[in-house]
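> Once you've had a glance at the structure underneath, I'll fire off some questions.
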Amino acid sequence: MEAADQTVLCQLLAVDLTDYCYRVCSRCERVLPVDNNNGVTSSVCKFCKSKVPKLLYRILMSIATDTSVKTVICFDRAATVLFGCSADEFFHFTKLNPTTASMVNQVFDGEMLRMTLTRPHNLNAQHMRVASVVPLRSGFQPAIVTLRRLCTSNASLGNCSTKK
Ligand SMILES: [Zn+2]
């Protein structure tokens, strides 16, 4: 039984940033496997031998529709709409400004979105995938825009560690 894609109006409750991205080869976009011994991902692609990895988003999000609360998984294309930058840029931004990661949920709190959800091809996958996302609030700004502004205005207070 193939369920059709469904489009829902929802409120974004939370994004899980504990494990929000994964590494792929920047040339062929195959996922780079994580070595078992120390959890470090090898950055050499065994298919095309490229040594340039890049990060893609893979984020679990809690959303509330008018009928239920559910967890969905959001991959790179849809997540980029919400974050406003690549996963690599976001990763480096949060490394430079460690406090910003915890601010993401405040920035997104209650954001109204229209999402198209699809059933995962893998039947073992637990969560529906976000195929596309459209922010509905007229003044919506991607997270990185808001975070950069907060960091600029807080820099003088030392809230966003902008160490030189
Ligand atoms: Zn490759």
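> For a test of the definition: using alpha carbon positions, the gyration tensor, and the 1.5 limit on a/c, classify region 69-116 as rounded, prolate or oblate.
Values: a/c = 2.34, a/b = 1.46, b/c = 1.60.
In terms of gyration-tensor shape, oblate.
> Pick out which of 84, 139, 110 has the largest mean-square fluctuation in a Gaussian network model of the chain, springs linking Cα atoms closer than 10 Å.
Answer for the Gaussian network model of the chain: 139.
> Among rounded, prolate and oblate, which fits the chain when a ≥ b ≥ c are the square roots of the eigenvalues of its C-alpha gyration tensor, a/c under 1.5 means rounded, and a/b larger than b/c means prolate? Numbers along the way, then the final one.
Details: a/c = 2.10, a/b = 1.02, b/c = 2.06.
Cα axes put the chain in the oblate bin.
> Taking the Cβ of residue 14 as the center, what net charge do the other residues with Cβ under 15 Å away carry, scoring Lys and Arg +1 and Asp and Glu -1?
Numbers: positive: 70; negative: 16, 19, 109, 111.
My count for the surroundings of residue 14 gives -3.
> Considering lysine pairs in the chain that are 8 or more places apart or on different chains, how many have Cα atoms under 24 Å apart? Before the final figure, lay out each step's value.
Numbers: 46/54; 51/95; 54/95; 95/163; 95/164.
Close lysine pairs found across the chain: 5.
> Separate question: Can you tell me how much longer the chain between residue 149 and residue 96 gets when fully stretched, taken as 0.36 nm per residue apart minus their C-alpha distance, in nm with one decimal? Numbers along the way, then the final one.
Values: separation 53, 0.36 × 53 = 19.08 nm, distance 1.45 nm.
Taking residue 149 through residue 96 to full extension adds about 17.6 nm, to one decimal.
> If you don't mind, another one. Could you work out the relative contact order of the chain, using alpha carbon pairs under 8 angstrom and six or more residues apart, expressed as a whole percent?
Numbers: 294 pairs, mean separation 41.7, N = 164.
About 25 percent, as a whole number.
> Could you check the simple spin-label distance between residue 7 and residue 118, using points 7 Å along Cα→Cβ, in nm with one decimal?
1.6
> Something else about it: Using a Gaussian network model on the chain with a 10 Å cutoff between Cα atoms, which of 100, 80, 65 fluctuates the most?
The residue that fluctuates most here is 65.
> Oh, and also: Would you please name the trypsin sites (Lys or Arg not before Pro) within region 5-111 that are DSSP coil residues with at most 12 other C-beta atoms within 10 Å of their C-beta?
Working: sites: 23, 27, 30, 46, 49, 51, 54, 58, 70, 77, 95; in loops: 27, 30, 46, 49, 51.
Filter output for region 5-111: 46, 49, 51.
We did not get these values from a lab; they are worked out from the coordinates using the rules stated. In this text the structure is predicted, and so the values were computed from the model without any measurement. Here Cβ is always computed from backbone atoms with ideal geometry, including for glycine, and neighbour counts include all displayed protein chains.
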